[in-house]
Amino acid sequence: QVQLVESGGGLVQTGGSLTLSCAASGNIFRVNTMGWYRRSPGKQRELVALITDGGNTNYADSVKGRFTISRDNAKNTVYLQMNSLKPEDTAVYYCSAAIISFVTHTTLNYWGQGTQVTVSS
């Protein structure tokens, strides 16, 4: 089975920075697209950023220019560097990865446990 382990959440002040990481481990043949989503109270889950296995990226308009997604393929790890943080960035952040099985060559999506990011005024 595959497991995604997140780290890096915490409490920061407005304008501060934080970097999240998420490492995939287990019976992995290939890790394709990886991404970050977030959920705040009273709001739907939203996509924050995606990065393909080829390095192409996509960002939500609300974070474009402030957040940077990257990956280390040798470590099966995705990162989210968050700069110029705002109170509205407060949410639980979840990483996700599309991973191909050795046996079936089918793609399944896996999720991390979530990490809390709180930005104070």
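Going by the structure shown, is T57 of a type outside the set (F, W, Y), farther than 15 Å from G8 by Cβ and modelled with pLDDT under 95? So T57 does not fit the description; no. For the residues S25, S84, S21, the requirement of being more than 24 Å from V119 (Cα to Cα), polar (S, T, N, Q) and either part of a strand (DSSP E or B) or in contact (Cβ under 8 Å) with a residue 12 or more places away in the chain (or both) singles out S25.
I'd like the full set of residues that are out of contact with any helix residue (DSSP H, G or I) (no Cβ under 6 Å at 6 or more places or on another chain), assigned to a strand (DSSP E or B) and among the aliphatic types (A, V, I, L, M), limited to segment 87-121. Those that are out of contact with any helix residue (DSSP H, G or I) (no Cβ under 6 Å at 6 or more places or on another chain), assigned to a strand (DSSP E or B) and among the aliphatic types (A, V, I, L, M): A91, V92, A97, A98, I99, I100, L108, V117.
The single residue among S7, S84 that is surrounded by fewer than 19 Cβ atoms within 10 Å (Cβ to Cβ) and more than 15 Å from the chain's Cα centre (by Cα) turns out to be S84.
Please verify whether M34 is farther than 20 Å from L108 by Cα and touching a residue at least 24 places away in the same chain (Cβ under 8 Å), treating the condition exactly as stated. Here the answer is no, as M34 does not meet what is asked. Within segment 103-115, one or more residues are out of contact with any Pro (no Cβ under 8 Å at 6 or more places or on another chain), closer than 16 Å to S17 by Cβ and at pLDDT 95 or above. Of all the listed residues (G55, G26), the sole one being in contact with a Lys or Arg (Cβ under 9 Å, 6 or more places away or on another chain) and small (G, A, S) is G55. One residue stands out in segment 34-81 among those that are hydroxyl-bearing (S, T, Y) and within 11 Å of the chain's Cα centre (by Cα): the one that is least open to solvent (accessible area, probe 1.4 Å), namely T77.
Close contacts from segment 102-121, counting a first residue that is open to solvent by less than 90 Å² (accessible area, probe 1.4 Å) and a second that is aliphatic (A, V, I, L, M) and not in a strand (DSSP E or B), with Cβ to Cβ under 7 Å and a gap of 6+ residues or different chains, come to V119/L85.
The values are calculated or read from the model by the stated rules, or taken from the named source; none is laboratory data. The structure displayed is predicted, hence computed values, not measured ones. A quick note on method: Cβ atoms are made from the backbone with ideal geometry, for glycine too, and the neighbour counts reach across all protein chains shown. Ligands, DNA and RNA are excluded from the accessible area calculation, which covers all protein heavy atoms including side chains. Shrake-Rupley method; radii C 1.70, N 1.55, O 1.52, S 1.80 Å.
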